[in-house]
Each structure stands twice: as C-alpha cells, then as structure tokens.
Amino acid sequence: MNTQIIGVAGSNGSGKDTVMQLLSNKYEYLFISVTDLLAAELEKRGEPTDRAHKAALSAEWRREHGMGVVVQKAYETWEQQASTYKGVVVGSLRHPGEADAIHELGGTMLWIDADPRVRYERIQANAEARGRAIEDAITFEQFLADEEREKYPTGDAATLSTMAVKERCDLFLDNDGESIEGFERTVERVLELGETED
C-alpha cells in the first residue's frame, strides 16, 4: 500500500482533521485541506465561506480545470517541498474525480465515518476552536440535510458526490469512540505507519 499520498474523505465531523493532523504532526506529511483552499479563495473574492459557497466554488474549479483539480493543486504544492515531507495528505475530498486523481498518483483513499449524532455533537463542541462558530451554528436536522445534499450530484458532473467517493475508497474507519488517542492508534495500524500498541 502506498501511503506517501493519502486522500481523506468521510462524513462531516467523523474525524478527518484528526487524521490529517496526526499525519502532519507525527509523520511529517504535508497537510492540505481542500476546505481551507476553498475558504481562502472565497475570502479573497469577498464571498461567504459557508458550505454552499464552498460547494459552488469547487464545482467551478472542476468545470474549469478538471475533476481532480484540488488533488492536482495539492500534489504540485507537495512536489515543490517533497524533500521536507515524507508524504502529502489531502482532505476533505467530496468528489469522485478527486479520489480518482489520488489513485492515478498511486495513492490511497481513506474513508472515515461515525454515528450522525456523535458527529453533530463533536462539530458543535469544536466549532469555535476550528474557527467555524458561525458556519456550524445549525440544528441537527440542518446538519443531516446538508450532508444528504452532498451525497449525490445535484447538478452536472462537477457537483459534489460523497457516496461516489466512498465507493472509491481503499480503507474504512469507524470513529464512534470518545478517545482521540485510541482513534489515532487505529489510524496508525490501518495505514501501516509504524508499530503501535493495542
């Protein structure tokens, strides 16, 4: 398994950032967040950085530059600094073209999931620390509706389709537990990153 290039996908609040931070902090991976790339561009344009605007911008980029554009951008950034990092981790991927691009580069796709109520409560508890207090101030019902809208294309081939991403993943993790340390050990074991204790 090639873990030099890792694409991370999964449901909202499942622990994708935890995985990416682990790979960055402990294993010297370059951590590139698609969410952050989109937010930065929206801020540059003076537009809101909510989920709907990020989805629209990512679709715009795909129409203009190809379905795997965000992965290609991340890979090029890593190539310029490859001597500094052991690999690159790209997340949160929400389009099948992005998963395909990870595979074309010889990488591995990881899908993370957890119970919806657990994920919602995590997001609410961590919203301020993640700088998303306004964006994440939604009801559980809205949380589920937002997620449902991203599962399948709502427009042309450039729109989000997280279920198609899941179908392309190589590895799957459940993160219903409360222990971040336990989850990190599971990630290390699944990605074969080194010796871990059970």
So is E121 in contact with a helix residue (DSSP H, G or I) (Cβ under 8 Å, 6 or more places away or on another chain), among the charged types (D, E, K, R) and surrounded by 13 or more Cβ atoms within 10 Å (Cβ to Cβ) or not?
no
Which residues, taken from the stretch 143-162, are surrounded by 12 or more Cβ atoms within 10 Å (Cβ to Cβ), farther than 16 Å from D115 by Cα and of a type outside the set (K, R)?
E150, Y152, P153, T154, A157, A158, T159, L160, S161, T162
Scanning the stretch 32-47 residue by residue, the ones that are basic (K, R) and surrounded by 17 or more Cβ atoms within 10 Å (Cβ to Cβ) total 0
For the stretch 71-90, state whether one or more residues are closer than 24 Å to I123 by Cα and in contact with a Phe, Trp or Tyr (Cβ under 9 Å, 6 or more places away or on another chain).
yes
If we keep only residues of the stretch 4-31 that are among the aromatic types (F, W, Y) and under 18 Å from Q72 (Cα atoms), then the residue surrounded by the most Cβ atoms within 10 Å (Cβ to Cβ) is Y29
Would you kindly identify the helices (runs of 4 or more DSSP H) lying entirely within the stretch 9-101 that contain at least 2 residues that are in contact (Cβ under 8 Å) with a residue 60 or more places away in the chain and under 23 Å from E188 (Cα atoms)?
16-27, 69-79
For the stretch 166-177, indicate whether the set of residues that are at negative phi, exposed (fewer than 13 other Cβ atoms within 10 Å of the Cβ) and at pLDDT 95 or above is non-empty.
yes
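Being among the basic types (K, R) and either in contact with a Lys or Arg (Cβ under 8 Å, 6 or more places away or on another chain) or at pLDDT 90 or above (or both) is the filter here; which residues of the stretch 55-83 pass it?
Going residue by residue through the stretch 55-83, those that are among the basic types (K, R) are 62-63, 73.
Scanning the stretch 55-83 gives R62, R63.
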The condition from (1) in a loop (DSSP other than H, G, I, E, B); (2) of a type outside the set (S, T, N, Q); (3) surrounded by 20 or more Cβ atoms within 10 Å (Cβ to Cβ) that E128 misses is numbered (3)
Checking A59 against (1) in contact with a strand residue (DSSP E or B) (Cβ under 9 Å, 6 or more places away or on another chain); (2) surrounded by 16 or more Cβ atoms within 10 Å (Cβ to Cβ): exactly one of these is not met. Which one?
(1)
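The values are calculated or read from the model by the stated rules, or taken from the named source; none is laboratory data. As the structure is a prediction and not an experimental result, all values here were calculated from the model. Virtual Cβ from ideal backbone geometry, glycine too; neighbours counted across all protein chains shown.
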